[in-house]
Every structure is written in structure tokens, then in C-alpha cells.
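The values are calculated or read from the model by the stated rules, or taken from the named source; none is laboratory data. Remember, it's a predicted structure, so these values are computed and weren't measured experimentally. Counting neighbours? That spans all protein chains shown, and the Cβs are built from the backbone with ideal geometry, glycine included.
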Amino acid sequence: MAPRENLFKTAIREGRPQIGLWLDMADALAAEIAGHAGFDWLVIDGEHGPNDLRSILAQLQALSSSTAEPVVRAPVGETWMIKQLLDIGARTLLIPMVDSAEQARELVRAVRYPPHGVRGVGAAVARASAFNTIPDYADTASDGICLLVQAESRAAIADLENIAAVNGVDGVFIGPADLAADMGFLGRMDAPEVQSVIEDAIATIVKAGKAAGILTFSEELNRRYLALGASYVAVGADVTEFSGALRSLRSRYRDGGGDPDLATRAGY
Ligand SMILES: O=C(O)C(=O)C[C@H](O)[C@@H](O)CO
């Protein structure tokens, strides 16, 4: 039995738009609910969500009955951390703060077994191999693994062509919040200077033959990025959706109607 196909990886390779959501509740039940909402991909956020290996595992298990591809964002791109995430069954990884092609090449090595990389071999006891019931797991694992690197600094933008060209990088994901901050526009992702860099970055990634992705809570921007060739866009986050819905509900019962902006305030 070979590992099942990574349909998200196939879709972004073919340029078919994939709509995603950020999961920062760090909760299996919340992930399961999101899994049944029809998203194509869901980011289990190990960078900013209060996650550890166990909570990521629980969310992977909760999502195993859904068609959404779990995308696990590591806190940082460390080889030992990537090994643990792959062993618990994460197949699509999003690695934050990748500033150079050299860093991207190291990440490719981290997700591959020798002789192509440095991933430690422990498949026999790992969930990734369905506990040793996928006999050819080690030989076929890299087919299902999808490596997405995040470009979110001026340094990354300067080396973007080379990052996108790295063999084994499946997609480059633009982090608008960090990019804006690094450019001197903290919290102002909509600044024209930032938007112009983002649009050029999408073009560069697509020209290199790789999948471009991004997260924004603005529907207008998401539609624009899709039109420019981005193939996987995250359109919101569980925390902000939950919080916005609750505040909106509460404000309807407040004298005077409450603060109409509460539910829609942009986040980053
Ligand atoms: O820079 C960004 O934008 C991202 O990397 C995404 C954010 O980290 C995400 O958590 C939304 O706030």
C-alpha cells in the first residue's frame, strides 16, 4: 500500500486555486469543525498558535476524516523539528522566515531521507507510515511531501528568484504581515509600497514555475492575488472568525447597537 496522494500538492502544481484557513485555536475539535467546512487546506499554526507536538498530532488526527489538506506551520525551520512533524504524519509543511535559497536548500534536505537529505529514519514507529503498514513508505515518502517556504522579509524578496528555483521547494508563500513590518509598515499590509512588492513577488514565483500562496483577510485582495496567479490563498483564521462572530452577536444586544467595526476589524 503506497501513501495516499497529496491532492493539495497536485492541485497547486497544476495551478488549481485552493482556498485555505489558518487554525490558531490549537484545538482538535475546532480543527475538526473547520475540516468539515469545505476548505481545501488548513494551516495548523505552530508559529503563532499555542501548539506543541501533541496538539498538532491531535489536530492531524481530527482532520483525517476531512478532505482538507492539513498544512503544518513549524515554529522555525529546524531539521529536528521537521523530522518530528513528518513522523507524526504532517505531509505539507509551511516553514516561516526563509530568507535565502541556501536556507531553502537545507529545508529540502530536511524533508528527504538519505542519500537525498538528512531526515532521520524512524518510519517503523511513526504515524507517517501508518505504523509500519505502508511497507514502501521510506521509498515513496517524498512523493507525498509538499514543502512550502515563507518569504516575508526584504532579504527573502531580494533572493526570491533563487528561492523559488530551488528543486524540491513546491511553493513559496508570502507572509504579508511580516513583510510589511520588515519594510517599515507594521500592521499596514495595504500600503501601496507593500502591495507592489507582493504583486511582483507573486509574478516572480509563478514565472519560476512554482506555486505562489498568501494569506489576507481581505476578500478583494484575495481575489486580486488569485487573478495574478496565486494558487493557494488563506482567507481567514479560526480565532478571528470566532471572535468576530461572538462580538457581533453580543453587540446586537447592546444599547445603541455597539461598535459596528468590531466584527470586521482587520487582523495581522
Ligand atoms: O507574515 C504573515 O502575514 C504571516 O506569516 C501570517 C501570520 O503569521 C498569520 O498568523 C496571521 O496573523
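General remarks:
- Number of the condition not met by residue 39 [criteria: (1) within 20 Å of residue 216 (Cα to Cα); (2) more than 16 Å from the chain's Cα centre (by Cα); (3) of a type in the set (Phe, Trp, Tyr)]: (2)
- Residue list for segment 178-208, restricted to those being under 21 Å from residue 236 (Cβ atoms), among the small types (Gly, Ala, Ser) and surrounded by 20 or more Cβ atoms within 10 Å (Cβ to Cβ): 180
- Against the criterion of being at pLDDT 95 or above and closer than 21 Å to residue 39 by Cα, residue 194 does not qualify.
- Summed over segment 1-53, the residues that are more than 16 Å from the ligand (Cβ to nearest atom), assigned to a loop (DSSP other than H, G, I, E, B) and closer than 21 Å to residue 150 by Cβ give a count of 5.
- Qualifying residue in segment 240-247 (condition: of a type in the set (Phe, Trp, Tyr) and more than 18 Å from the chain's Cα centre (by Cα)): yes
- When residue 95 is tested against (1) out of contact with any Gly (no Cβ under 8 Å at 6 or more places or on another chain); (2) under 23 Å from residue 233 (Cα atoms), only condition (1) is not met.
- Considering segment 10-19, and only residues there that are out of contact with any Asp or Glu (no Cβ under 6 Å at 6 or more places or on another chain) and buried (at least 18 other Cβ atoms within 10 Å of the Cβ), the residue that is nearest to residue 229 (Cα to Cα) turns out to be 12.
- Filtering 254, 224, 188 for residues that are at pLDDT below 95 and over 20 Å from residue 47 (Cβ atoms) leaves a single hit, 254.
- All strands (runs of 3 or more DSSP E) inside segment 142-252 with 3 or more residues being under 19 Å from residue 101 (Cα atoms) and within 12 Å of the ligand (Cβ to nearest atom): 146-151
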